[in-house]
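Visitor: If you scroll down you'll find the structure; I have some questions about it.
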Amino acid sequence: MELLRDIAHISGKSGLYKILKPGRNGVIVETLDDKKQREMVSANARVSVLKDISIYTEDQNKSVPLSDIFLKIRELHGETVADEYKNFSNNQLFDFFGEIVSDFDRQRVYASDIKKIIGWYNVLSKNLPEVFTASASEETSEPVAEETKA
């Protein structure tokens, strides 16, 4: 899911943003919704690129990348997760997420994190579905090694 390196979450703002162009004073981003609004985000803003986000597991030395979680959600729930997850209790959210990542750390991963991940998945699936098709083709195409004889 190489396309995730161009998608970011900006702390304090809702939704996801596509990184268009870095600048001296920050970065130019575009919303991943129907409005496609562009804005300059200050260099002081906390911008988290989705490619760099991972989820804690019970094993202290291991975490699960967000891209793997998105692929597992797609496998289990299809193109979108129903909006009913917004009304889930914390235990229901943890059980739901346990189906996706069975060994996630329930002490360090909060219910709000799970809601955010599901929301991000739905936004990406609706507005940038090529993220999932590109990753599927990357996984199925294996490099072929050629032998050369001297």
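Visitor: Out of G15, G23, G119, any idea which swings most in a Gaussian network model of the chain, alpha carbons joined below 10 Å?
Guide: It is G23.
Visitor: Sticking with this one: What net charge is computed for the residues neighbouring S89, neighbours being all others with C-beta under 13 Å from the C-beta of S89, Lys and Arg scored +1, Asp and Glu -1?
Guide: For residues surrounding S89, the net value is 0.
Visitor: Could you tell me whether the range 2-50 comes out rounded, prolate or oblate from its Cα gyration tensor? Rule is a ≥ b ≥ c as square roots of the eigenvalues, rounded for a/c under 1.5, then prolate if a/b exceeds b/c, otherwise oblate.
Guide: rounded
Visitor: While we're here: With a ≥ b ≥ c taken as the square roots of the eigenvalues of the C-alpha gyration tensor of the chain, please select rounded if a/c is under 1.5 and otherwise prolate if a/b is larger than b/c or oblate if it is not? All intermediate terms of the calculation are to be shown ahead of the outcome.
Guide: On the way: a/c = 1.60, a/b = 1.06, b/c = 1.50.
Taking the square roots of the gyration eigenvalues as a ≥ b ≥ c, the chain is oblate.
Visitor: Tell me, which longest segment in the chain has none of the trypsin sites (Lys or Arg not before Pro) that fall in DSSP loops with at most 16 further Cβ atoms within 10 Å? All intermediate terms of the calculation are to be shown ahead of the outcome.
Guide: On the way: sites that count: K13, R24, K35, K36, R46, K62, R106, R108, K149.
That would be 63-105.
Visitor: Who wins for biggest fluctuation among V109, V123, V101 in a Gaussian network model of the chain, springs between alpha carbons below 10 Å?
Guide: V109
Visitor: Considering only C-alpha atoms, what is the centroid distance from the range 99-121 to the range 51-96, in Å?
Guide: 5
Visitor: Per residue Cα convex hull volume for the range 51-140, in cubic angstrom?
Guide: Working: hull volume 9.0 nm³, N = 90.
Hull volume over Cα atoms, normalised by residue count, gives 99 Å³.
Visitor: Right, here's the next one. Using Cβ counts within 10 Å as a stand-in for footprinting exposure, how do T80, T133, T31 rank, fewest first?
Guide: Taking fewest neighbouring Cβ atoms as first place, the list is T133, T80, T31.
Quick note: the coordinates plus some simple rules give every number you see, no bench work behind them. Bear in mind the structure is a predicted one, so any value in this text is a computation, not a measurement. When we count neighbours, we look across all protein chains shown, and the Cβ atoms used for this are built from the backbone with ideal geometry, even at glycine.
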